[in-house]
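Just below is one structure, and these are the notes that go with it.
Readers should treat all values here as calculations from the given coordinates under stated rules, not as data from a laboratory. Owing to the predicted nature of the structure, the values given are computational and were not obtained by experimental measurement. Backbone-built Cβ (ideal geometry, glycine too); neighbour counts: all protein chains shown.
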Protein chains: 2
Amino acid sequence: MPNDLNAPLESAADVLRAASDVTLLAHVNPDADALGSALALGLVLHRLGKSVRVSFGEPETVPETLLGLDVAGLLVPASAVPAAPEVLVALDTGSVARLGPLADRVSTAGAVVVLDHHVSNPGYGTVNVIDPTAEATALVVLRLLDVLGVELDEPVARCVYAGLVTDTRSFRHASAATHEVAARLLAAGVDAEAVARPLMDSHPFGYLGMLAKVLGRAELIADAAGGRGFVHAVVTLDDAAGLRPEEVESVVDLVRTTAEAEVAAVLKELRPSSWSVSLRAVSAVDVREVAQLLGGGGHRLAAGYTAEGDAADVLARLRVALETVAG
Amino acid sequence: MPNDLNAPLESAADVLRAASDVTLLAHVNPDADALGSALALGLVLHRLGKSVRVSFGEPETVPETLLGLDVAGLLVPASAVPAAPEVLVALDTGSVARLGPLADRVSTAGAVVVLDHHVSNPGYGTVNVIDPTAEATALVVLRLLDVLGVELDEPVARCVYAGLVTDTRSFRHASAATHEVAARLLAAGVDAEAVARPLMDSHPFGYLGMLAKVLGRAELIADAAGGRGFVHAVVTLDDAAGLRPEEVESVVDLVRTTAEAEVAAVLKELRPSSWSVSLRAVSAVDVREVAQLLGGGGHRLAAGYTAEGDAADVLARLRVALETVAG
């Protein structure tokens, strides 16, 4: 982690030490990194005697796979978040809008601490600790815990590990320093397989049927992405019935393994004629540029946008944008 | 790694230091741990001025995904392995039989060093370094390299990482010490994503079609495995056409994610009416016992066997064995 984050880390620690009541918020549709980060820090602050709650804007229900991280019962529904929090901590949330229905708390809170790793984060807090080199926000939180001087025990380490293992796709994207962090978390007693399996390797049987339908319709188009292939698949609402959002999201991780393809796209139906599109590239094509042409954003090798129309139209517009960017 | 391996490690180092010609053998159908381990040690011995070759019994062709590990051109076909090697090193090879057509070299070699992590290894060498607690044979090799006192540079570290990342299923099964090893390998300059992608995350487009067909036929049978579910899928020769053995093998990693199932089985057609069956359990059922009833073996949570007959017969016999073991 860059040294120039030392000053904001000290400021964040000062704000939290002085607080008596802390509200920690994850982004809407929180994943293991957002909720794990919030629960790790929340648990530590709770033990320091502060009044603590963890929440997020929508949906109201906590993903079942993440309930096990809340050992101290800190999670509350959005309706229980104070109108004007004393101190607000926003975790893994790249923009105010990503707080959803709780976005207004950024302006009503006495202080706002932003802990994040999204390069696009504009720094909307009174204190901003944003490290785009961190593979997970959980790593930023761990650094803050070290500044706070708290001991890392199993329940806290488990929450950090949950964020780390998922955001690195099980250490596919992990530096030497990140493996050293993993070693430290496991040494604190984390049962890595027990934490990771429900988050990444456990799906209802219907998941296999969904994959069968979706992968059976996948198409590879040669020479459609910078001289290499373009592979795409479509997940309808019907395909996705009964599955969690991250299970549907994981389809792109299979589709992108296509060796002939430089770019992979998965269209997920949000509502009839409304789609969320995930784009992935291997190395050569900048899919953020493609997504930006279509009103979205992201990173060079992973980006996304939303689109209206039928799937064939959405794909046709995507191919035009791909042609524009990748020649 | 257990301290009681210090003595055999020193003995193995002594044998290798004294050798002028070393033959390193992986098991038949070598994976990244077997070949990565052999190439890591082979490269170091080659630099120490010894005459070195790396080989395996069958098939004659090196998996394309592993060719990049052979930076010094040490791989030779089985026909180039001397009839009576001066020193033979068998890597990741749990039994003499797993050397296939080269198994006879164990009796003709001047000395045999066995480096392995299979608990079932009987220790068929003159020196045996077998650590069943190691997640990969590559970890045993790394320990030997440390005893040999060689510096870990990128080409060697890359071979070790290839074994480690694949045998741990991308660090799903990894201790704190193993993450520390990963940190050390990355610090030596290994490009983790570049090494791991072709080994684990790159498949021909036909892989998606294979999954669609195979997963579309998967079946879940409630209460058929110790009161929980039993899920199975069948991969025919037709489904598997054009795919690598490890790509077909990876099907079980998807099938086993079925949350309702305690036991997962995948039948892979070897020849018409001949099947290789992979079994996986979550925690409660000992699938090694199931496999042993059917003539196979393995570990408590991962085992296998071969069977003759049509798929329905093979499944029927499997269900009887499962009933016997799991009640």
Exercise. Under a point spin-label approximation (7 Å from Cα along Cα-to-Cβ), what is the residue B:120-residue A:21 distance to one decimal in nm?
Worked result: 6.3 nm
Exercise. What angle do you read, to the nearest 10 degrees and between 0 and 90, between the alpha-carbon axis of helix B:311-326 and the longest principal axis of chain B?
Worked result: 80 degrees
Problem set entry | Between helix A:206-216 and chain A: long-axis angle, C-alpha atoms, 0 to 90°, nearest 10 | 40 degrees
Problem set entry | About the Cα centre, charge dipole magnitude for the protein assembly as shown (Lys/Arg +1, Asp/Glu -1 at Cβ), debye | 60 debye
Exercise. Considering chain A as a Gaussian network with a 10 Å cut-off on Cα pairs, which listed residue, A:312, A:12, A:111, attains the greatest mean-square fluctuation?
Worked result: A:312
Problem set entry | Cα pair distances exceeding 39 angstrom across the protein assembly as shown, given as percent | 37 percent
Problem set entry | Choice from B:69, B:144, B:186 with maximal GNM fluctuation in chain B (Cα, 10 Å cutoff) | B:186
Exercise. Hey, in the GNM for chain A with a 10 angstrom Cα cutoff, which one of A:85, A:272, A:101 fluctuates hardest?
Worked result: A:272
For this session: Please name whichever of A:248, A:259, A:290 sits farthest to the positive end of the charge dipole of the stretch A:219-319, dipole taken about the Cα centre and charges placed at Cβ: Lys and Arg +1, Asp and Glu -1.
Result: A:290
Exercise. Order of B:310, B:131 from fewest to most other C-beta atoms within 10 Å?
Worked result: B:310, B:131
Exercise. Hey, got the dipole for the stretch B:206-326? About the Cα centre, +1 on K and R Cβ, -1 on D and E Cβ, debye to the nearest 20?
Worked result: 140 debye
Exercise. Sorted from shortest, what are the nm distances separating the label point of residue A:49 from equivalent points in the other copies, each placed 7 Å from Cα along Cα to C-beta?
Worked result: 7.0
For this session: Report the semi-axes of the equivalent ellipsoid for the stretch A:3-200 in whole Å, largest first, where each axis is √(5λ) for an eigenvalue λ of the Cα gyration tensor.
Result: 23, 18, 16
Exercise. When DSSP assigns beta bridges and you keep just the ones with both residues in the protein assembly as shown, what percent turn out antiparallel, to the nearest 5?
Worked result: 40 percent
Exercise. Out of every Cα-Cα pair in the stretch A:21-125, what percent are more than 21 Å apart?
Worked result: 23 percent
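What does the structure give for B:198-205 when I average, per residue, the other chain Cβ atoms found within 10 Å of the residue Cβ?
What the average comes to for B:198-205 is 5.
Averaged across orientations, what area in nm² does the convex hull of the alpha carbons in the stretch A:206-326 project?
Dividing the Cα hull surface by four gives the mean projection, 6.4 nm².
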Problem set entry | Cα-based reach from residue A:268 at 30 Å (exclusive), listing lysines while leaving out same-chain residues under 8 positions away | A:213, B:213
Problem set entry | At 7 Å out from Cα toward Cβ: residue B:221 inter-copy label distances (nm, ascending) | 4.5
Exercise. What number comes out for the charge environment of residue B:51, summing +1 per Lys or Arg and -1 per Asp or Glu over other residues with Cβ under 10 Å away?
Worked result: 0
For this session: Run the dipole for the stretch B:52-159 about the Cα centre, Lys and Arg Cβ at +1, Asp and Glu Cβ at -1, nothing else charged, and hand back the magnitude in debye, nearest 20.
Result: 280 debye
For this session: Pick out, from A:185, A:173, A:66, the residue whose Cα sits farthest towards the positive end of the charge dipole of the stretch A:58-187, with +1 on the Cβ of Lys and Arg and -1 on the Cβ of Asp and Glu.
Result: A:173
Exercise. Helix-derived [θ] at 222 nm for chain B: sum -39500 (n - 2.57) over DSSP H runs of at least 4, divide by residue count, nearest 500?
Worked result: -11500 deg cm²/dmol
Seminar exercise, completed: Note, residue A:293: beta-carbon cut-off 14 Å, +1 each Lys/Arg, -1 each Asp/Glu, net 0
Exercise. How large is Rg over Rh for the stretch B:69-146, taking Rg from the Cα atoms and Rh as the Kirkwood inverse mean of 1/r across Cα pairs?
Worked result: 0.96
Exercise. Quick one: of the DSSP bridges fully inside chain B, what percent are antiparallel, nearest 5?
Worked result: 45 percent
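If we count other beta carbons within 10 Å of each Cβ, what is the order of A:171, B:56, fewest first?
Lowest to highest Cβ neighbour count: A:171, B:56.
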For this session: Please work out the FRET efficiency for the pair residue A:306 and residue B:67, using the Cβ-Cβ distance as r and a Förster radius of 45 Å; give the result to the nearest 0.05.
Result: 0.60
Exercise. Tell me, what HN-Hα J-couplings in whole Hz come from the Karplus equation 6.51 cos²θ - 1.76 cosθ + 1.60 at θ = phi - 60° for each residue of the stretch A:247-252, using x for Gly and Pro?
Worked result: 6, 5, 4, 5, 4, 5
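Which net charge results when you count Lys and Arg as +1 and Asp and Glu as -1 among the other residues whose beta-carbon is under 15 Å from that of residue A:118?
-4
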Exercise. Under the Karplus relation 6.51 cos²θ - 1.76 cosθ + 1.60, θ = phi - 60°, what is the ordered set of whole-Hz ³J(HN,Hα) values for the stretch B:161-172, x standing for Gly and Pro?
Worked result: 4, 4, x, 5, 5, 7, 5, 8, 6, 6, 6, 5
Exercise. Relative to the other copies, what are the label-point distances for residue B:77, with labels 7 Å from Cα along the C-beta vector, expressed in nm at one decimal and sorted shortest first?
Worked result: 7.2
Seminar exercise, completed: The rounded separation in angstrom of the Cα centers of the stretch A:111-149 and the stretch B:83-157 is 46 Å
